[in-house]
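What follows is a short report on a single structure.
Each reported figure results from applying straightforward, stated rules to the coordinates on display, with no laboratory input. Computed from a predicted model, the values in this text were never measured in an experiment. A quick note on method: Cβ atoms are made from the backbone with ideal geometry, for glycine too, and the neighbour counts reach across all protein chains shown.
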Amino acid sequence: MGSRVVEPEGIAPPAARYAHAVVTTGAQTWLHTSGIVATRADGSIAD
């Protein structure tokens with residue numbers, strides 16, 4: 001089983017030690033999301 005951190009372009013980096021999402025692969029593929037506020041790289045919030 002493997003895991004890959006997902007850090008989308010165009011949004012702010014995580015404010016703490018976590019990832020926006022992680023993809024885990026093995027017999028199945030799972031996408032785990034963090035449930036954070038979607039802020040842009042400049043700190044503003046999308047409408």
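Structure summary
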| quantity | calculated |
| --- | --- |
| Size of the chain as Cα extents on the principal axes (Å, biggest first) | 39, 22, 16 |
| Two-site label geometry, residue 31 and residue 18: point separation in nm, points 7 Å out along Cα→Cβ | 1.8 nm |
| Highest to lowest packing among 17-25, 5-13, scored as the average C-beta count within 10 Å | 17-25, 5-13 |
| ³J(HN,Hα) computed for each position of the range 33-38 - Karplus, 6.51 cos²θ - 1.76 cosθ + 1.60, integer Hz, glycine/proline x | 10, 9, x, 9, 6, 7 |
| Residues whose placed amide H lies under 5 Å from that of residue 21, excluding near-sequence neighbours | 6 |
| The chain: relative contact order as a whole-number percent, Cα under 8 Å and 6+ apart | 36 percent |
